[in-house]
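Take a look at the structure below.
The values are calculated or read from the model by the stated rules, or taken from the named source; none is laboratory data. Values in this document were obtained by computation on a predicted structure and should not be read as measured data. Don't worry about glycine lacking a Cβ; one is built from the backbone with ideal geometry, like all the others, and counts go over all protein chains shown.
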Amino acid sequence: MFESSLSTLAAQLAARAVSSRELAQAWLDRIAALNPALNAFITVDPEKTLAEAAAADALIAAGSAGPLTGVPVAHKDIFCTDGWLTTCGSKMLSNFVAPYDAHVIQRFKAAGMPSLGKTNMDEFAMGSSNETSFYGAVKNPWDTTRVPGGSSGGAAACVAARMAPAATGTDTGGSIRQPAAFTGITGLKPTYGLVSRYGMIAFASSLDQAGPMARSAEDCARLLNVMTGFDPNDSTSLERDKEDYARDLDQPLAGLRIGLPREFFAEGLDRDVAAAVDAAVAELKKLGATTVDISLANSKLAIPVYYVLAPAEASSNLSRFDGVRYGYRAPDYADLDEMYARTRAQGFGEEVKRRVLIGTYVLSHGYYDAYYVQAQKIRRLIADDFSEAFKTCDLILGPTTPGTAFKLGENADDPVAMYLNDLYTIPANLAGLPGMSLPCGFDSQGLPIGVQLVGNYFSEARMLNAAHQYQRATDWHTRMPIHL
Amino acid sequence: MSLSTDDVKRIARLARIEIDDAQAQATQGRLNTIFGLIEAMQAVSTAGIEPMAHAQDVFQRLREDAVTETDRRDAFQAIAPAVENGLYLVPRVVE
């Protein structure tokens with residue numbers, strides 16, 4: 001059961017071979033057994049999960065089940081979930097029981113998919129290792145002395161360790177794709193605007209996008225069908241016709257043009273990662289794809305641009321945490337100013353404070369043009385490089401990360417070294433393009449390697465097609481840590 | 001450019017984050033390393049480039065000017081640090 005695809009689980013539920021309650025209980029038991037070692041979940045509430053599963057069973061019995069009704073999923077603790085503790089990995093929200101559901105949660109509920117719990121994450125999604133969580137670091141199931149990546153590290157670890165059939169994540173600079181690569185799973189960040197941000201605790205609003213994290217491209221396609229859709233409560237939600245993202249999974253790849261950005265295969269790339277990505281390219285060629293040499297010359301500026309824009313937006317978004325309406329409030333203060341300043345000093349962790357300070361500075365009088373506006377201009381140059389590249393190719397392929405999962409604590413004292421992890425993933429966020437990571441091998445230490453696909457706007461079905469055909473020809477995505 | 005500890009304290013004040021001298025000093029070093037990374041932007045010529053604030057060219061939607069929300073004050077205030085008679089309590093600001 002723990003190895004079954006979402007559609008297999010759904011078929012078993014439809015055939016009454018298993019009930020949603022039985023499924024949920026089996027996964028809850030596995031979570032109870034493995035979570036102490038991995039710390040992938042912040043909140044598990046078996047009573048609520050089993051009640052949701054019983055409701056799904058009733059839908060199935062009444063003949064009103066949808067394609068995935070009864071299949072349980074885990075949700076990143078960034079999504080407000082009515083009646084559930086929703087912490088965003090922060091002390092600031094360590095007492096926050098959300099009074100409403102995020103749009104993503106509403107959609108999973110409407111699909112009859114029970115929640116297995118809320119997964120651990122870097123505080124306010126700021127981090128690439130899951131070490132900034134107030135609830136402690138998540139361990140990588142492949143090697144528990146290593147990080148699972150971040151910020152959706154709990155989601156990635158729980159899928160990799162088969163503690164949930166699938167999970168939701170969010171990606172502002174690589175937070176779905178980088179942990180997917182580090183844990184050997186498949187994760188997709190959709191085109192900006194496809195999935196509503198309503199109720200998803202905001203980090204950098206012009207970049208944040210939710211997406212599926214699962215064991216295969218096929219599962220990601222089915223989850224994307226659940227997650228996407230117009231929402232009037234998000235002013236950036238796109239009004240588009242509903243798509244079936246699984247429609248092209250079985251199409252052959254003959255004629256697919258894959259662009260290889262030379263900047264993504266340059267200095268700084270680990271040799272094992274480069275070799276695995278090259279092998280993935282060779283496999284896709286065998287399946288009928290051709291390759292094109294492309295350049296994303298401005299992508300080298302993606303990290304500087306991101307570390308101006310994301311903190312700027314974060315400093316504004318996080319100003320809502322003031323100890324007045326919800327969340328943490330400092331116990332001692334003399335006046336209102338001190339209450340704000342102490343609440344924020346005590347409620348936010350070091351990385352979050354650092355980014356709020358950077359954002360405050362780049363938006364302050366006298367520095368706005370030199371930093372914020374300049375970053376927005378280079379953002380356009382980066383996006384223009386992609387438009388130019390998509391004139392000669394259908395998909396762009398490269399490594400997801402420069403290296404594999406690093407040791408816990410290894411980059412904890414060096415923010416810049418940590419930031420460089422997202423070198424290849426940030427450009428797609430800045431341009432608003434869809435990107436995904438899928439497993440393509442292991443390094444000499446047995447750690448998973450991810451290959452990244454970036455598509456043009458709204459080309460998710462094409463990306464998932466290429467990824468699915470690759471996964472039919474290879475078995476990297478079926479591997480799991482043997483000691484579990 | 002390089003931030004002084006006074007700069008860090010000024011920014012922290014703007015951000016409403018309490019910071020003491022030792023923390024300001026530690027933060028100063030880290031922030032300067034990050035700004036060292038960001039400096040790479042300054043070498044790029046961007047004359048005539050339109051700033052990109054957003055990935056999609058979308059306009060703010062308008063809706064009918066009608067009441068759409070129900071009154072959920074009690075649910076929202078149940079999670080507040082301090083409330084009384086439907087009001088949020090903060091330290092006195094007017095004597």
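How many residues are at the interface with another protein chain (Cβ under 7 Å from one of its Cβ atoms) and in contact with a Lys or Arg (Cβ under 6 Å, 6 or more places away or on another chain) if we restrict to region A:336-348?
Within region A:336-348, residues that are at the interface with another protein chain (Cβ under 7 Å from one of its Cβ atoms) and in contact with a Lys or Arg (Cβ under 6 Å, 6 or more places away or on another chain) number 3.
Among the residues of region B:73-92, write down those that are out of contact with any helix residue (DSSP H, G or I) (no Cβ under 6 Å at 6 or more places or on another chain) and at the interface with chain A (Cβ under 7 Å from one of its Cβ atoms).
Answer for region B:73-92, where residues must be out of contact with any helix residue (DSSP H, G or I) (no Cβ under 6 Å at 6 or more places or on another chain) and at the interface with chain A (Cβ under 7 Å from one of its Cβ atoms): B:A75, B:F76, B:I79, B:A80, B:P81, B:Y88.
Restricting attention to region B:44-60, which residues are loosely packed, with under 10 Cβ neighbours inside 10 Å and either at negative phi or at the interface with another protein chain (Cβ under 7 Å from one of its Cβ atoms) (or both)? Steps first, please.
Let us first name the residues in region B:44-60 that are loosely packed, with under 10 Cβ neighbours inside 10 Å, namely B:45, B:47-48, B:50, B:57, B:59-60.
Listed by number, the residues that qualify are B:S45, B:A47, B:E50, B:D57, B:F59, B:Q60.
When region A:234-263 is examined, which residues are found to be more than 30 Å from A:M200 (Cβ to Cβ) and outside any helix (DSSP H, G or I)? Steps first, answer last, please.
Kept after step one, since they are more than 30 Å from A:M200 (Cβ to Cβ), are these residues of region A:234-263: A:250-260, A:262-263.
Passing the criteria: A:D250, A:Q251, A:P252, A:L253, A:A254, A:G255, A:L256, A:R257, A:I258, A:G259, A:L260.
Give region A:282-316 a look and list any residue that's part of a helix (DSSP H, G or I) and surrounded by fewer than 18 Cβ atoms within 10 Å (Cβ to Cβ), or say none.
Answer for region A:282-316, where residues must be part of a helix (DSSP H, G or I) and surrounded by fewer than 18 Cβ atoms within 10 Å (Cβ to Cβ): A:A282, A:E283, A:K285, A:K286, A:A297, A:K300, A:S316.
Residues of region A:431-460 being among the acidic types (D, E) and out of contact with any Leu (no Cβ under 8 Å at 6 or more places or on another chain), which ones?
If the condition is that a residue be among the acidic types (D, E) and out of contact with any Leu (no Cβ under 8 Å at 6 or more places or on another chain), then A:D443 is the only one that fits.
So that you can scan it fast, the table gives a plain yes or no per residue for (1) buried (at least 20 other Cβ atoms within 10 Å of the Cβ); (2) modelled with pLDDT of 95 or more; (3) of a type outside the set (K, R); (4) under 19 Å from A:A164 (Cβ atoms):
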site	(1), (2), (3), (4)
A:F2	no, no, yes, yes
A:S5	no, yes, yes, yes
A:S20	yes, yes, yes, yes
A:P46	no, yes, yes, yes
A:L85	no, yes, yes, yes
A:G89	yes, yes, yes, yes
A:L93	yes, yes, yes, no
A:H103	yes, yes, yes, no
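Which count do you get for residues in region A:212-233 that are within 19 Å of the chain's Cα centre (by Cα) and either part of a loop (DSSP other than H, G, I, E, B) or at the interface with chain B (Cβ under 10 Å from one of its Cβ atoms) (or both)? Before the answer, list the steps.
Narrowing region A:212-233 to residues within 19 Å of the chain's Cα centre (by Cα): A:212-229.
Narrowing the set further to residues that are either part of a loop (DSSP other than H, G, I, E, B) or at the interface with chain B (Cβ under 10 Å from one of its Cβ atoms) (or both) leaves A:215-216, A:228-229.
Residues meeting the conditions: 4.
Out of region A:325-348, which residues are surrounded by 18 or more Cβ atoms within 10 Å (Cβ to Cβ), closer than 22 Å to B:E84 by Cβ and over 30 Å from the mean Cα position of the chain (by Cα)?
A:A330, A:Y333, A:M339, A:Y340, A:R342, listed by residue number.
Please work out if A:L408 is more than 28 Å from A:N456 (Cα to Cα) and either at pLDDT below 95 or away from chain B (no Cβ under 14 Å) (or both). Break it down stepwise before answering.
Working: more than 28 Å from A:N456 (Cα to Cα): yes; either at pLDDT below 95 or away from chain B (no Cβ under 14 Å) (or both): yes.
Considered against the rule, which asks whether it is more than 28 Å from A:N456 (Cα to Cα) and either at pLDDT below 95 or away from chain B (no Cβ under 14 Å) (or both), A:L408 comes out as yes.
Can you find a residue that is more than 9 Å from every other protein chain (Cβ to nearest Cβ), closer than 22 Å to A:V308 by Cβ, surrounded by fewer than 14 Cβ atoms within 10 Å (Cβ to Cβ) and in contact (Cβ under 8 Å) with a residue 24 or more places away in the chain anywhere in region B:21-29?
No, every residue in region B:21-29 fails to be more than 9 Å from every other protein chain (Cβ to nearest Cβ), closer than 22 Å to A:V308 by Cβ, surrounded by fewer than 14 Cβ atoms within 10 Å (Cβ to Cβ) and in contact (Cβ under 8 Å) with a residue 24 or more places away in the chain.
Among the residues of region A:364-401, write down those that are of a type in the set (G, A, S) and under 30 Å from A:N465 (Cβ atoms). Even if it seems obvious, please write down each step before you answer.
Within region A:364-401, the first condition is being of a type in the set (G, A, S), and the residues that meet it are A:364, A:366, A:370, A:375, A:383, A:387, A:389, A:398.
Scanning region A:364-401 gives A:A383, A:S387, A:A389, A:G398.
Among what's in region A:349-377 and is more than 7 Å from chain B (Cβ to nearest Cβ) and in a loop (DSSP other than H, G, I, E, B), pick the residue that is surrounded by the most Cβ atoms within 10 Å (Cβ to Cβ).
The extreme case among them is A:G349.
When you go through A:S235, A:S196 one by one, which is the residue that is surrounded by fewer than 17 Cβ atoms within 10 Å (Cβ to Cβ), over 30 Å from A:A405 (Cβ atoms) and of a type in the set (S, T, Y)?
Values: A:S196 fails: surrounded by fewer than 17 Cβ atoms within 10 Å (Cβ to Cβ).
Going through A:S235, A:S196 in turn, the sole match is A:S235.
Looking at region B:30-43 only, could you name the residues that are small (G, A, S), within 9 Å of chain A (Cβ to nearest Cβ) and out of contact with any helix residue (DSSP H, G or I) (no Cβ under 7 Å at 6 or more places or on another chain)? First the steps, then the outcome.
Going through region B:30-43, the residues small (G, A, S) turn out to be B:36, B:40, B:43.
Next, from what is left, pick out any that are within 9 Å of chain A (Cβ to nearest Cβ): B:36, B:40.
Listed by number, the list holds a single entry, B:G36.
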